[in-house]
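Step one of this worksheet: look at the structure below.
The values are calculated or read from the model by the stated rules, or taken from the named source; none is laboratory data. This one's a predicted model, so the numbers in the text were calculated from it and none came from an experiment. No Cβ is skipped: glycine too gets one built from the backbone with ideal geometry, and neighbour counts run over all protein chains shown.
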Amino acid sequence: MLPASRTGQWRACCGRRGRWASRRGRRPIPGLSGLGKSPTSITELSHRRRQLCSRVDPKVTNPWIKIRPRTLQRSVCSFPCRARLENPCVLAYASVGTKRVRSQIKLGRVFGIEIGLHYSWFLIAFLIVLSLASQFRAADPEWGPGTILALALLTGGLFFVSLLLHELSHSLFAKSHGVPVREITLFALGGVSQIERNPTSARTEFWMAFVGPLTSAVIGVVCLGLSRLLGTPSTPGYAMFYWLGYINLGLAFFNFIPGYPLDGGRILRAALWWKTGDAERSTRVAARTGQVVGALFIAAGIVQFFGGAGFGGLWIAFIGWFLLQAAGESYIEAGLTRVLAGVTAKDVMTRECPVVDGHESIQILVEEKILRTGDRCFAVLDGDGLSGLVTTHEIKNLDRARWPYTTVSDIMMPAEKIHTVRPETPLKSALEIMSRENLNQLPVTTNGHLAGFLTRARVLNYLHSRMDFQG
C-alpha cells in the first residue's frame with residue numbers, strides 16, 4: 001500500500017471515485033477521466049503518472065497546444081534554450097530543446113567565453129581524419145603513410161579551428177550587443193554556443209546570424225588563395241588549403257538555406273520580424289520552413305542511400321532529422337513564450353515547502369522524509385530566513401556509512417550560493433535561470449524569507465492545466 005502521505009497526494013489530484021480531477025473543486029478534467037481508482041503501490045502510481053502524461057484532450061484548439069506532452073516536457077525542461085550549432089555538414093543556429101550540451105573537457109577561455117569539448121566530439125574528429133586520409137591517399141599515393149596521416153590530422157585540426165572561428169563570430173557579435181554567452185562546446189554535431197537570451201531587435205538577429213556564414217566565406221577565400229601561393233596541386237600544402245577553402249565556402253553557402261534553425265532560417269526570421277514587427281509569428285513561420293527543409297533532407301538522404309551513396313545518404317537523412325526536431329521545438333518554444341506572458345513565479349510556485357532541521361542527521365532525513373514522502377529537495381531555515389538547500393544530489397555524493405553522523409547543515413548548499421527569484425519575477429525569466437543553471441527547483445524569496453518553491457514539475461502541471469481548460 002502507499003504511505004498515507006502519498007495516498008493523500010493522489011486524492012488531492014483525483015476525486016474520491018478515482019477520477020482525475022483538478023485541484024480546484026475536484027472537477028473531472030476533460031479527456032483524463034477513466035484512469036481508474038487510487039493506486040495501491042508505488043509502481044502503480046508511476047504507471048498512472050505516465051498515463052496522465054500521455055493523455056491530451058483532443059478538443060483543445062490552441063495551435064501551440066497540439067503537441068505531445070513528452071515534447072512539451074522536453075521544451076519546458078530546457079526552456080528557452082537557445083544555441084547555435086556548427087557542424088561539418090550542418091552549420092546551424094538552433095534551439096536545442098531536449099538537453100543542453102555541456103562541456104566535459106575544458107580547453108580555456110577566448111575573449112571571456114569558455115571553450116570546451118563534449119566526449120562525442122572525438123567520434124566526429126576520428127571520422128573526419130579517417131576520411132581526409134583516404135582522400136589524400138587517393139590524391140597522391142607517393143606521399144607515404146606518415147605524411148598522409150600528419151596531413152590529415154593537421155587539416156582536421158584546422159577545420160575545427162575554422163568552425164570555432166565561425167562560432168566565435170556569432171558569440172562575439174552577441175556579446176558586443178549585450179547578449180550574454182555562457183560557453184562554446186564542440187561535440188559530435190559540430191559546436192554549440194550557449195546564448196543565454198534572445199536578441200531584442202530584428203537588426204541584431206539578422207547580423208548575429210549573417211556574420212557566421214560571412215566568416216566561413218572569408219576563411220574559404222583565404223584558404224583558396226593560400227593554396228595558390230604555397231605550391232602546385234601535387235604538394236601537401238596545396239591539397240590541405242584547397243580542401244579547407246572549398247569546404248568552408250560550401251558551409252557558408254549551405255548556411256544560407258532558409259531553413260530554421262540554420263543561419264539562413266535566422267535571417268528569414270529577422271526579415272519577417274522587421275517587416276511585421278511580430279517576433280513570435282516570425283519564429284513560427286521560420287520554424288515551419290525549417291521543418292519543410294528538414295523533411296526534404298530526410299527524403300534526399302534516403303533516396304541517395306538506396307541509390308548507392310551509403311553512409312553519406314544516411315548522414316544527410318540524419319541532418320534532416322535533426323533540423324526537423326530543432327525546428328519543431330523552436331515552434332513550441334515560440335508558443336510557450338506567448339502562453340507564459342504575464343505569468344509570474346508567484347502564480348505557479350508551491351507554498352508547501354518541505355523543510356528540514358539543519359541539525360538533523362542524513363540518516364533520519366532519508367528514512368523519515370525522503371523515503372516516506374518522495375520529496376527530493378528540502379529547505380533549511382534559520383528562523384524565517386533561508387539558510388540553505390539540500391537535495392538528493394548532495395546525499396548521493398555522501399558515503400552511506402557517514403549518514404548517521406553527518407547533519408544536513410554539513411552538506412547543504414548555503415543560501416549565498418543558491419539562485420533565487422522574487423514572487424513578481426516573470427515565469428519566463430525564472431525558467432531561463434533554471435535552464436541556464438540546470439536546476440530542477442528554484443526557491444522564491446521575499447526579503448530573504450522563503451515564500452515558496454518553483455519546480456519544473458509545477459510548471460508542467462500548470463501548462464497541462466492550460467492545455468485542458470483553455471480552448
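Confirm whether G294 is loosely packed, with under 13 Cβ neighbours inside 10 Å, without any contact (Cβ under 8 Å) to a residue 60 or more places away in the chain, outside any loop (DSSP other than H, G, I, E, B) and in the same structural domain as E205 (by TED's automatic domain parsing).
Numbers: loosely packed, with under 13 Cβ neighbours inside 10 Å: no; without any contact (Cβ under 8 Å) to a residue 60 or more places away in the chain: yes; outside any loop (DSSP other than H, G, I, E, B): yes; in the same structural domain as E205 (by TED's automatic domain parsing): yes.
So G294 does not fit the description; no.
Against the condition surrounded by fewer than 16 Cβ atoms within 10 Å (Cβ to Cβ), of a type outside the set (V, I, T) and closer than 22 Å to N198 by Cα, how does H419 come out, does it pass? Full working, then the answer.
On the way: surrounded by fewer than 16 Cβ atoms within 10 Å (Cβ to Cβ): yes; of a type outside the set (V, I, T): yes; closer than 22 Å to N198 by Cα: yes.
So H419 passes the test.
Output the residue which, of all residues in the range 237-285 that are among the charged types (D, E, K, R) and surrounded by 18 or more Cβ atoms within 10 Å (Cβ to Cβ), is nearest to L163 (Cα to Cα).
Of the residues in the range 237-285, the ones among the charged types (D, E, K, R) are 263, 266, 269, 275, 278, 280-281, 284.
Still in the running and surrounded by 18 or more Cβ atoms within 10 Å (Cβ to Cβ): 263, 266, 269, 284.
Values: D263: 14, R266: 18, R269: 23, R284: 28 Å.
This residue is D263.
Tally up the residues in the range 226-236 that are loosely packed, with under 15 Cβ neighbours inside 10 Å and either among the acidic types (D, E) or within 40 Å of the chain's Cα centre (by Cα) (or both), please.
Residues in the range 226-236 being loosely packed, with under 15 Cβ neighbours inside 10 Å and either among the acidic types (D, E) or within 40 Å of the chain's Cα centre (by Cα) (or both): 0 in total.
Among the residues of the range 298-347, count how many are within 20 Å of the chain's Cα centre (by Cα) and aliphatic (A, V, I, L, M).
Start the filter on the range 298-347 by keeping residues that are within 20 Å of the chain's Cα centre (by Cα), which leaves 318-340.
After this cut, where a residue has to be aliphatic (A, V, I, L, M) as well, the list is 319, 323-324, 326-327, 332, 334, 336, 339-340.
Of the residues in the range 298-347, 10 are within 20 Å of the chain's Cα centre (by Cα) and aliphatic (A, V, I, L, M).
If you take the residues in the range 375-412 that are within 30 Å of the chain's Cα centre (by Cα) and of a type in the set (S, T, N, Q), which one is surrounded by the most Cβ atoms within 10 Å (Cβ to Cβ)?
Checked the range 375-412; the qualifying residue surrounded by the most Cβ atoms within 10 Å (Cβ to Cβ) is T391.
Within the range 395-404, can one find any residue that is modelled with pLDDT of 90 or more and under 22 Å from L454 (Cα atoms)?
yes
Give the residue, chosen from E437, E424, that is more than 25 Å from D357 (Cβ to Cβ), loosely packed, with under 14 Cβ neighbours inside 10 Å, in contact with a helix residue (DSSP H, G or I) (Cβ under 8 Å, 6 or more places away or on another chain) and outside the structural domain of Q194 (by TED's automatic domain parsing). Give the steps one after another, and end with the answer.
Numbers: E437 fails: in contact with a helix residue (DSSP H, G or I) (Cβ under 8 Å, 6 or more places away or on another chain).
Only one candidate qualifies: E424.
So which residues in the range 177-191 are assigned to a strand (DSSP E or B), more than 17 Å from E437 (Cα to Cα) and of a type in the set (A, V, I, L, M, F, W, C)?
Taking the range 177-191 as the starting set, the residues that turn out to be assigned to a strand (DSSP E or B) are 181-187, 190-191.
Within this subset, residues satisfying the condition of being more than 17 Å from E437 (Cα to Cα) are 186-187, 190-191.
Listed by number, the residues that qualify are L186, F187.
Could you tell me how many of the residues in the range 413-461 are closer than 14 Å to T344 by Cα, more than 21 Å from the chain's Cα centre (by Cα) and not polar (S, T, N, Q)?
Total meeting the criteria: 9.
Considering every residue within the range 200-208, establish whether at least one is surrounded by 23 or more Cβ atoms within 10 Å (Cβ to Cβ) and under 24 Å from I124 (Cα atoms).
no
Select from the range 441-450 the residues that are surrounded by 15 or more Cβ atoms within 10 Å (Cβ to Cβ) and modelled with pLDDT under 85 and write down the one among them that is nearest to G383 (Cα to Cα).
Taking the range 441-450 and keeping what is surrounded by 15 or more Cβ atoms within 10 Å (Cβ to Cβ), we get 441-445, 450.
Filter once more, so that each one left must be modelled with pLDDT under 85: 441, 450.
Values: Q441: 22, L450: 10 Å.
Residue satisfying both the conditions and the ranking: L450.
Inspect all residues belonging to the range 377-388 and state whether any of them is in contact (Cβ under 8 Å) with a residue 12 or more places away in the chain and within 17 Å of D347 (Cα to Cα). Outline the logic, then answer.
Filtering the range 377-388 down to residues in contact (Cβ under 8 Å) with a residue 12 or more places away in the chain leaves 377-382, 384-388.
From what's left, within 17 Å of D347 (Cα to Cα): none.
No, the range 377-388 has no match at all.
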